[in-house]
Amino acid sequence: MKAFKIFFIRKTVLVIGITMIFLLFSSLNTTESILNTPTKHVVNIYQMKFVPEIIQVRKGDIIEWVNKDIVPHDVTEINKKWTSKTLNKEDSFSKKITTNFDYFCSIHIVMKGSVHIKE
Ligand SMILES: [Cu+2]
């Protein structure tokens, strides 16, 4: 009877242990897949401003700039490494973010914004 009890307790501990390891790994996988899913962020261009002007994203996320003004704008990297097409009202431009950068509108050079990657 005593031997049976010990056997039973050992088996129970083993089952609990395996269950906990399984739960731990499945929660790690879920967390990882949440972290790895790129998020889409929207920057509106509104009343001659990029809104929000400063945005923090994760590496690999997508930013979509949408022109909500009636005048055309664009999105140009501060050193002119790249630029969007001219965005008319309701036009948008999307970019996958892999690095920090500042940008401006080359049509209205006072309009500025920046993108920061969260570590
Ligand atoms: Cu502009």
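The values are calculated or read from the model by the stated rules, or taken from the named source; none is laboratory data. No experiment lies behind these values; they were computed from the predicted model shown. We place every Cβ from the backbone using ideal geometry, glycine too, and count neighbours over all the protein chains shown. These accessible areas exclude ligands, DNA and RNA; they are computed on the full protein's heavy atoms, side chains included. Shrake-Rupley method; radii C 1.70, N 1.55, O 1.52, S 1.80 Å.
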Go through the stretch 76-110 and report how many residues are farther than 17 Å from Glu64 by Cβ and not aromatic (Phe, Trp, Tyr). 12
Filter the stretch 47-71 down to residues that are farther than 23 Å from Glu119 by Cα and open to solvent by 50 Å² or more (accessible area, probe 1.4 Å), then give me how many there are. 6
Take Asn36 and decide whether it is of a type in the set (S, T, N, Q) and at pLDDT 95 or above. no
Considering only strands (runs of 3 or more DSSP E) fully contained in the stretch 73-119, which possess at least 2 residues that are within 12 Å of the ligand (Cβ to nearest atom) and either among the basic types (Lys, Arg) or in contact with an Asp or Glu (Cβ under 7 Å, 6 or more places away or on another chain) (or both)? 112-117
